[in-house]
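One structure below.
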Ligand code: SF4
Ligand code: SF4
C-alpha cells in the first residue's frame, strides 16, 4: 500500500547504521562471528517480555524456598527431587521411582502444549519462555547497565583499552558470573532441602556433587547466556528446525507487511507527497533484533519471534505519523488476502489445533485417572530362573519366588500372603515363617521389602495341573485396610 499523505512535517527519525549480520543469504560458516549490539526496545511486547522474564526467573529462583507441610518425618519443601530417598515431591504429590511414568506423562503433556502454542502463535516459546532467551535477556540488561545502550557499547568496543573500558568490561563479566553462580546454586536447591543446603554451601560442608553441579551450571549459564547468546539458537538448538513442521498458513508469526512497507525509502525534506511505502528504512527493527536479522527479509529460521521489532517499528510509525503494525503478528493466509485487498481472520480452531487439543485432553485425562486410582500398595513377584522347579524327595514339585512389597504410606504395614488358582493341597511357604498358617510380611514406613517364598504342589495333584506352566495368583492383603492386590505367576513342572 503506497501512502500518499503529506510528509512535509514529518522528520526522518534516526537511521541506524546496522547490518543484519545473521541474514541467511550472507551468512558464512567460515567467517568469524559478528557481534550483535541489541538496542533497547520500548513498547507493548518489551513490557510483556519484562513481565514474563520476572515471572520465569522468580519461579526458578524461588520455588525451592516454598514450604509445604507434609507432616513429621517428611520433607517440607514444596518441590523436591529427593535423590537420597528416590522420591519426587511436588506439593501434595509424591512420586516413587516405580511411578516415573507420571513424569513421562507430564513431559508428553508439556510437548503437546508446546506443539499447540507453536501452531497458534509460532515460536512464542523461543521468544518469551525459553531459558536461553530469558537468561540472555538478563545478561543483556546487565551489559546495558554497565556499558550503556547499543551505540555506547559499539563506541566502547572501538575504544582502546583504558581504565574505564577495563572497569566496565570487568564489572559486566563479574555480574554475569554472579548471575551464573546464582543460577547453578538455585538448581541444586531442587535436589535437597534448600535452607540446609544453603547453609552447607556457605560453610563448605555441602556434598561434593552440589559444588560440581553449581560449577557446571555456572559455566553453561555464563557461556550460553553471556557469550554465545544468539549462536545457541541459530546453530545449537534443534527446535527451530522442528517447529517449521508445526506452523501453517494460519499460525501467527512476526511478519513485515511488505505490500504496505515497500518500496522502502527515507523521508525526504523535498517530498510533498510520499511516493514510497511506509517503511522509511530507518533499520530500527534491525537494531533491536537480538538475533541480528532483518525481519523485512521474510520468515527466517533465525527469528525467535520475540516481537521486539514490532515495538521498534511502532515507535517509528508513531513518530512519522503513520499507522502502527507495519511489522505485526500476522498469518500467511492474511498476508495473501491483504495482497489481494481483503483480510482473512485468524482461524484458531482448525484440524491441527483440534488434534493437539484432543491429545492434550486425552493425556491429561489418562494422567488424572491413574493419579486418582493410584495404588498405595505395590507388589511384585519374581520367579526363580535357575532352577525353574525342584522335585522334592517325596515327589512334590516346588517353585521358588521373590516377593517384593512397597509400602507407600508413612506408617508400617503388615501384609498377609496367599495363593489362588492351584490345586487345594498346594502349599505356600514364606522363608522364616515356615510354621505360620497365614504367612505375613511386615513392611516398614516408606520401604520396599523382599521375602523368599516357595510354592509346592503334591505329587498326587500334579496331574490336576492343566499344563507344564500353570498360571496362578499371589494374593497380597493389607491387614489393616483389607486392600487386596493380586499378582499373576506361573507354576512350572516337568
Ligand atoms: S526479527 Fe523481530 S521477532 Fe524475529 S528475532 Fe528479530 S526482533 Fe525478534
Ligand atoms: S520496518 Fe519499520 S523499523 Fe524497520 S526499517 Fe522499516 S520503518 Fe524502520
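Computed from the coordinates by the stated procedures, all read-outs in this text should not be read as laboratory data. For clarity, every value in this text was computed on a predicted model and none was experimentally measured.
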Can you compute the helix-only [θ] at 222 nm over the chain? Use -39500 (n - 2.57) per DSSP H run of at least 4 residues, normalise by all residues, nearest 500 deg cm²/dmol. -11000 deg cm²/dmol
Let's test this: bin the Cα-Cα distances of the chain at 20 Å from zero up to the farthest pair and state each bin's percent. 17, 36, 26, 15, 5, 0
Quick check on the range 101-200: take the gyration tensor over C-alpha atoms, sort the square-rooted eigenvalues as a ≥ b ≥ c, and tell me if it's rounded (a/c under 1.5), prolate or oblate. oblate
Need one number for the range 377-492: average projected area of the convex hull over its C-alpha atoms, nm². 7.1 nm²
Report relative contact order for the range 377-492 in percent, whole number only (criteria: Cα-Cα under 8 Å, sequence separation at least 6). 32 percent
Translational diffusion coefficient, Stokes-Einstein: compute it for the range 299-341 using the Kirkwood radius over C-alpha pairs as Rh, at 20 °C and 1.002 mPa s, and state it as an integer in µm² s⁻¹. 184 µm²/s
Rounded to whole angstrom, the alpha-carbon centroid of the range 207-234 lies from that of the range 433-457 at a distance of 50 Å
If you average the sequence gap of Cα pairs under 8 Å that are 6 or more apart and divide by the length of the chain, what percent do you get for the contact order? 17 percent
